[in-house]
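Participant: Submitted below is the structure of interest, expressed as structure tokens.
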Amino acid sequence: MLTAFRLVWRRRRWRHGRPRLRRPVLWLAAMVAIFAVAMAAFEDMPPQDSLWLAVVTLTTVGYGDITPKTGAGRFATVLLLLLGGVFVVAKVASDWFDWREEVRARRRAGAWRWNMEGHVLVIGTPGGDAARFFHALVRQLRGSPGYRDAPVLLLTRAFAANAGGLPQVLCDDDLVHVNGAPTDHDALGMADAQAAAAVIVLAEREDDAVSDAISADVVARVRAMAAGAAPVVVTECVDDRNRARLIAAGAAAAVRPLRSYPEMLARALVAPGAERLLEDLFSSEGNELFRLDLPAPYRGPWAGVAGLLLEKGLGTAIAYRPPGGEVVLNPAGGQAIEAAAVYVILREEQKAGAQDLAGLLARG
């Protein structure tokens, strides 16, 4: 009973309707009050004893330490049990369990307000296998110290046609979602955009530059809704010419849509600016990653390789491959290595001298 009263009177909990408990609980309280008056009149029973008798009667415990002695008192007790215990309590329990089932259905369908704070909000609907994309993205976020324990909420229309709502693989990742459009102010409110610590905005269409205008609007909306400090916002950018506009709207980073690599978005959120390096490595413009096969294996400290290239202004070494072995990324400076090939980041003007690097390294 105490639980029922607490849940009924705390009305702020019911964001999407509440179980219809107020009327039956008020009726039950009225029955207990009438019973207390009847016990005082028929049994000359003090209020604390009549209340105790009402509780053990309604809960069908029946300790037997306090019992009515008169016929009228016994009749009142049976009446309380029938009208209160059998009908009202059963009705309250039935309504409560029905409401809980409705809550579960709303949550899976994305129609629930979660009242989150400090969460990562992912806005948008990726094409293709959305469940795989979100799974890979959240795995990268959870692997970053700053976001390892942060709850993740999706504002997406990806699962609107899914009869089961959010796929089980994402439920297992502890993800929740709100079904809605990125520019829907009410949907943003349900996703608690005003209390998010970080926001990732996906392009509406990864092959349509008009999507950048939608993304800029979403970025501005999210920042305007912030109740306290504005969240860190990372957005996808379809056309590089719109990058400055997205940054001006408040995004910390604007990343090219690479849906096969959701790790790019996670890196941009964790370390803003890292996305530019990754984007360069995916293209043949600007900085480029070269593999230099050496005519003879280099033997010596890794610092010798990195220092030589920096001294000559011929790029930045980031990895090497030993003869017949796997690539070793970012070894320690004093580590002794044997390298059959070296991986180097070069600027455009350094590319012409790339072939000279192999000879320099072979000579040590």
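The values are calculated or read from the model by the stated rules, or taken from the named source; none is laboratory data. Given the structure is predicted, the values throughout are model-derived calculations rather than measurements. All Cβ positions, glycine included, derive from the backbone under ideal geometry; neighbour counts span all protein chains shown.
Participant: In segment 180-204, how many are in a strand (DSSP E or B) and either buried (at least 24 other Cβ atoms within 10 Å of the Cβ) or among the β-branched types (Val, Ile, Thr) (or both)?
Facilitator: At the first step, the residues of segment 180-204 found to be in a strand (DSSP E or B) are 198-201.
Retained after the next criterion (residues that are either buried (at least 24 other Cβ atoms within 10 Å of the Cβ) or among the β-branched types (Val, Ile, Thr) (or both)): 199-201.
Of the residues in that region, 3 qualify.
Participant: Further, regarding this structure: Looking only at segment 231-251, count every residue that is under 25 Å from Met116 (Cβ atoms) and surrounded by fewer than 16 Cβ atoms within 10 Å (Cβ to Cβ) and tell me the total.
Facilitator: So the count comes out to 0.
Participant: Further question on the same structure: Do we have Gly353 as assigned by TED's automatic domain parsing to the domain that holds Leu308, at pLDDT below 85 and of a type outside the set (Val, Ile, Thr) here?
Facilitator: Yes.
Participant: Another question about this same structure. Examine segment 26-33 for a residue that is of a type in the set (Val, Ile, Thr), at pLDDT below 75 and surrounded by 15 or more Cβ atoms within 10 Å (Cβ to Cβ), and state whether such a residue exists.
Facilitator: Among the residues of segment 26-33, not one is of a type in the set (Val, Ile, Thr), at pLDDT below 75 and surrounded by 15 or more Cβ atoms within 10 Å (Cβ to Cβ), which makes the answer no.
Participant: Looking only at residues that are modelled with pLDDT of 85 or more and touching a helix residue (DSSP H, G or I) at 6+ places or on another chain (Cβ under 6 Å) in segment 300-333, which one is nearest to Arg347 (Cα to Cα)?
Facilitator: My answer is Ala317.
Participant: Follow-up question, since we're still on this one. Residues to consider are Gly110, Gly71, Gly118, Gly124; find the one that is surrounded by fewer than 16 Cβ atoms within 10 Å (Cβ to Cβ), at pLDDT 75 or above and within 30 Å of Glu206 (Cβ to Cβ).
Facilitator: Numbers: Gly110 fails: surrounded by fewer than 16 Cβ atoms within 10 Å (Cβ to Cβ); Gly71 fails: within 30 Å of Glu206 (Cβ to Cβ); Gly124 fails: surrounded by fewer than 16 Cβ atoms within 10 Å (Cβ to Cβ).
Sole residue among the options that is surrounded by fewer than 16 Cβ atoms within 10 Å (Cβ to Cβ), at pLDDT 75 or above and within 30 Å of Glu206 (Cβ to Cβ): Gly118.
Participant: Might you check whether a residue that is surrounded by 20 or more Cβ atoms within 10 Å (Cβ to Cβ), in the same structural domain as His135 (by TED's automatic domain parsing) and out of contact with any helix residue (DSSP H, G or I) (no Cβ under 8 Å at 6 or more places or on another chain) occurs anywhere in segment 205-215? Write out each step before concluding.
Facilitator: Applying the first criterion (surrounded by 20 or more Cβ atoms within 10 Å (Cβ to Cβ)) to segment 205-215 yields 211-212, 215.
In the following step, the residues that additionally are in the same structural domain as His135 (by TED's automatic domain parsing) were identified as 211-212, 215.
From the residues that got through so far, the ones that are out of contact with any helix residue (DSSP H, G or I) (no Cβ under 8 Å at 6 or more places or on another chain) too are 211.
Among the residues of segment 205-215, at least one is surrounded by 20 or more Cβ atoms within 10 Å (Cβ to Cβ), in the same structural domain as His135 (by TED's automatic domain parsing) and out of contact with any helix residue (DSSP H, G or I) (no Cβ under 8 Å at 6 or more places or on another chain), which makes the answer yes.
Participant: Ala36 is checked against (1) assigned to a helix (DSSP H, G or I); (2) at pLDDT below 55 and fails just one. What number does that condition carry?
Facilitator: Condition not satisfied by Ala36: (2).
Participant: While we're here: Would it be correct to say that Thr60 is more than 30 Å from Leu175 (Cα to Cα), at pLDDT 70 or above and not in a helix (DSSP H, G or I)?
Facilitator: Numbers: more than 30 Å from Leu175 (Cα to Cα): yes; at pLDDT 70 or above: no; not in a helix (DSSP H, G or I): yes.
So Thr60 fails the test.
Participant: Of all residues in segment 252-272, count the ones that are surrounded by 20 or more Cβ atoms within 10 Å (Cβ to Cβ), in contact (Cβ under 8 Å) with a residue 24 or more places away in the chain and in a helix (DSSP H, G or I).
Facilitator: Residues meeting the conditions: 5.
Participant: Do you know which residues across segment 39-54 are assigned to a helix (DSSP H, G or I) and out of contact with any Gly (no Cβ under 7 Å at 6 or more places or on another chain)? Before you say what the answer is, go through the steps one by one.
Facilitator: Keep residues of segment 39-54 that are assigned to a helix (DSSP H, G or I), which gives 39-42, 47-54.
Listed by number, the residues that qualify are Ala40, Ala41, Pro47, Gln48, Asp49, Ser50, Leu51, Trp52, Leu53, Ala54.
Participant: To continue, here is another question. Within segment 22-54, which residues are touching a helix residue (DSSP H, G or I) at 6+ places or on another chain (Cβ under 7 Å), within 21 Å of Gly64 (Cβ to Cβ) and either touching a residue at least 60 places away in the same chain (Cβ under 8 Å) or charged (D, E, K, R) (or both)?
Facilitator: Correct list: Glu43 only.
Participant: A follow-up question, please. If a residue has to be under 11 Å from Ala341 (Cα atoms) and in contact with a Leu (Cβ under 7 Å, 6 or more places away or on another chain) to count, how many in segment 318-330 make the cut? Show your work before the answer.
Facilitator: First, the residues of segment 318-330 that are under 11 Å from Ala341 (Cα atoms): 319-328.
Retained after the next criterion (residues that are in contact with a Leu (Cβ under 7 Å, 6 or more places away or on another chain)): 319.
So the count comes out to 1.
Participant: Somewhere in segment 130-153, is a residue assigned to a strand (DSSP E or B), closer than 26 Å to Val238 by Cβ and assigned by TED's automatic domain parsing to the domain that holds Cys237? Don't jump to the end; show me each part of the working.
Facilitator: Initially, segment 130-153 is screened for residues assigned to a strand (DSSP E or B), giving 152-153.
Going one step further and asking which of them are closer than 26 Å to Val238 by Cβ, we end up with 152-153.
Narrowing the set further to residues that are assigned by TED's automatic domain parsing to the domain that holds Cys237 leaves 152-153.
Checked segment 130-153: at least one residue is assigned to a strand (DSSP E or B), closer than 26 Å to Val238 by Cβ and assigned by TED's automatic domain parsing to the domain that holds Cys237.
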